[in-house]
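Okay, so here's the structure we're looking at.
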Ligand code: C2E
Ligand code: CA
Ligand code: CA
């Protein structure tokens with residue numbers, strides 16, 4: 001009896017413990033956000049546990065019900081799901097896969113575990129379904145961000161570099177070429193500044209969409225940033241040759257891009273092209289080459305395509321080294337001013353001097369302003385350099401004035417970048433005051449090309465300067481716009497006839513006709529004329545005959561150091 005009551009007690013205790021354990025297990029299952037499917041091999045029965053109804057509206061009791069499960073998932077998930085649910089066939093203990101439910105595009109992780117007995121026979125199987133939609137969306141988004149540019153949907157720079165690398169490897173094996181086209185909008189800043197960044201962004205997007213139509217197995221299109229795109233072409237030829245692609249783009253650019261706000265925008269592009277293996281064998285180098293060529297295309301007047309040549313790279317490297325040295329030179333002011341005398345044609349008396357900058361680089365080599373001024377204009381160094389030129393020249397002239405009392409005009413070359421500075425006039429007037437230089441003793445030169453490029457903004461400044469009494473001189477006249485009719489009404493005092501005319505004025509009849517017209521017209525409009533680059537006595541006599549007011553050139557004086565000018569002044573002092 002005792003024995004029996006002991007047995008009963010034991011059973012009760014065990015039952016209590018079992019139900020406590022079951023309660024605990026149910027709680028654990030329910031608080032997890034997974035659904036479970038349990039299978040007992042002994043009973044050949046399935047049981048659905050916990051949040052099953054959260055995912056499925058049916059229960060699985062036996063193997064036939066599994067068909068309903070397969071019906072729920074997307075087509076391509078059915079076979080993997082069937083395999084994972086029966087992993088015991090492969091003698092596996094556990095495995096997991098991901099499936100997508102058709103109905104709500106819920107992504108589930110399906111994890112299966114099988115328990116085996118000592119003899120290796122399966123006894124129990126548990127399948128867990130876990131909702132991973134959020135995690136997987138986040139992963140998709142991260143993947144997208146890693147490969148694509150969000151603004152245009154094109155490949156981003158990194159991914160493009162990777163794919164281009166694959167093109168290059170393949171081209172190496174298959175003995176083919178790979179072309180890179182580096183595209184950059186011309187004057188994008190003007191669109192961004194003038195119409196706002198939102199318009200700029202939309203334009204970038206719309207143009208990107210247009211480019212994306214060219215993508216295929218052999219053509220990669222990428223948006224690097226801002227207004228820069230890159231196209232990679234495997235084995236460029238026929239319909240996917242660089243020429244054809246460029247032609248398609250050009251054709252499209254003949255029409256404006258119409259934006260959501262109704263704006264119609266025309267754009268032009270500068271394009272640089274470099275090909276593997278000719279230009280470079282590495283991916284990044286190839287892109288760099290194409291970029292450098294694109295810069296060159298911009299310098300050559302924009303709106304064009306240019307192909308890689310070794311020369312372009314050499315030039316670029318030279319410019320980079322000049323640019324670096326130039327920064328240092330600005331800092332240390334390694335510049336010297338030379339002055340070239342200008343003479344009245346009639347009596348060869350001194351009219352004035354043109355201040356011309358010289359730069360001695362660290363190796364003591366003279367670098368021509370024709371080389372470094374364009375670079376300084378591009379990187380902004382022209383502003384501090386120009387400030388120094390103005391101050392140094394005015395200082396020296398004030399000194400001459402004090403010593404020799406000679407009525408001298410000092411001509412300064414001012415680049416468009418300087419004219420565009422907001423405080424240009426103010427800074428200039430501060431200096432003329434500081435050194436006691438009268439407005440009529442100062443002449444500012446501007447090249448015809450610079451003037452035409454920024455006509456409205458610069459003419460306003462020139463007008464203001466001219467009103468103060470400072471002379472304005474149009475430099476290199478005849479090389480730029482070359483139309484005499486636009487001269488009328490320009491705020492200028494002096495015309496400098498470019499050296500290229502003087503060079504051939506003796507030998508070429510047509511040049512003579514043009515030169516004489518310039519002088520005649522200039523005079524009619526009330527401008528003073530100066531012939532540049534006069535090297536021979538013959539040229540001088542001719543210019544005298546046709547009544548050119550002044551001459552400047554190696555014949556009567558090269559650019560020289562300030563002390564040499566002093567010698568001239570000492571001889572001419574009145
Ligand atoms: P530019 O203003 O046309 O200056 C005249 C150039 O012609 C000078 O070259 C001068 O040395 C040269 N030249 C004068 N007469 C003759 C001649 O009879 N024969 C020959 N073969 N050449 C002659 P440079 O000094 O090398 O200056 C070149 C250019 O650099 C200048 O052309 C000007 O555009 C620019 N530049 C020079 N100094 C400055 C400066 O301080 N500021 C700016 N922004 N540009 C400057
Ligand atoms: Ca000049
Ligand atoms: Ca000139």
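The table that follows gives values for the structure above.
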{"quantity": "Length-normalised contact order for the chain - Cα pairs under 8 Å, 6+ apart - percent", "calculated": "8"}
{"quantity": "Residue 123-residue 45 pseudo-label distance in nm [points 7 Å out on the Cα-to-Cβ vector]", "calculated": "1.8"}
{"quantity": "Using alpha-carbon coordinates, inclination of helix 2-31 to the longest axis of the chain, degrees", "calculated": "20"}
{"quantity": "Convex hull volume per residue for the range 468-574, taking Cα atoms only, in Å³", "calculated": "134"}
{"quantity": "Cα-based shape type of the range 32-136, given that a ≥ b ≥ c are square roots of the gyration tensor eigenvalues and the cut on a/c is 1.5", "calculated": "prolate"}
{"quantity": "Hypothetical label at residue 116: residues of the range 56-90 whose amide nitrogen lies under 16 Å (7 Å Cα-Cβ projection)", "calculated": "86-90"}
{"quantity": "Pairwise FRET efficiency - residue 479 versus residue 215, Cβ, R0 = 60 Å, nearest 0.05", "calculated": "0.85"}
{"quantity": "Beta bridges by DSSP in the chain, antiparallel share as percent, to the nearest 5", "calculated": "75"}
{"quantity": "Cα gyration tensor shape of the range 1-80, rounded if a/c is under 1.5, else prolate or oblate by comparing a/b with b/c", "calculated": "prolate"}
{"quantity": "Per-residue [θ]222 nm for the chain (sum of -39500 (n - 2.57) over DSSP H runs n ≥ 4, rounded to 500)", "calculated": "-15000 deg cm²/dmol"}
{"quantity": "Cβ crowding within 10 Å averaged over residues, with 290-299, 96-105 ranked highest first", "calculated": "290-299, 96-105"}
{"quantity": "Acute angle (nearest 10 degrees) that the helix 242-253 long axis makes with the longest principal axis of the chain, alpha-carbon atoms", "calculated": "80"}
{"quantity": "Sequence of 127, 534 once ranked by neighbouring C-beta atoms within 10 Å, starting from the fewest", "calculated": "127, 534"}
{"quantity": "For 308, 406, order by how many other beta-carbon atoms lie within 10 Å, fewest first", "calculated": "406, 308"}
{"quantity": "Shape category assigned to the range 392-498 from the gyration tensor of Cα positions, a/c cut at 1.5", "calculated": "prolate"}
{"quantity": "Gain on full stretching of the segment that runs from residue 399 to residue 57 - 0.36 nm per residue minus C-alpha separation", "calculated": "113.1 nm"}
{"quantity": "Using distinct alpha-carbon pairs, which all enter the 1/r mean, Kirkwood radius of the range 477-536 in Å", "calculated": "11.8"}
{"quantity": "Two-site FRET efficiency, residue 103 against residue 169, from Cβ-Cβ distance with R₀ of 25 Å, rounded to 0.05", "calculated": "0.05"}
{"quantity": "Net lengthening on full extension, residue 17/residue 190 (0.36 nm per residue, minus Cα-Cα)", "calculated": "54.2 nm"}
{"quantity": "Highest-first arrangement of 197-203, 142-148, 499-505, 106-112, where packing means the average Cβ count within 10 Å", "calculated": "106-112, 499-505, 197-203, 142-148"}
{"quantity": "Difference of contour (0.36 nm per residue) and Cα-Cα distance, residue 258 to residue 136", "calculated": "40.2 nm"}
{"quantity": "Calculated FRET efficiency for the pair residue 440/residue 331, C-beta based, R₀ 45 Å, to 0.05", "calculated": "0.80"}
{"quantity": "log₁₀ of I(q)/I(0) at q = 0.07, 0.08, 0.09, 0.10 Å⁻¹ - the chain, Debye sum with one point per alpha carbon", "calculated": "-0.66, -0.77, -0.88, -1.01"}
{"quantity": "Residue order, fewest to most surrounding Cβ atoms within 10 angstrom, among 243, 184", "calculated": "243, 184"}
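Coordinate-derived values only; no laboratory data. Nothing here was measured: the structure is a model prediction, and the numbers come from that model. Here the Cβ is made from the backbone with ideal geometry for all residues, glycine too, and neighbour counts use every protein chain on show.
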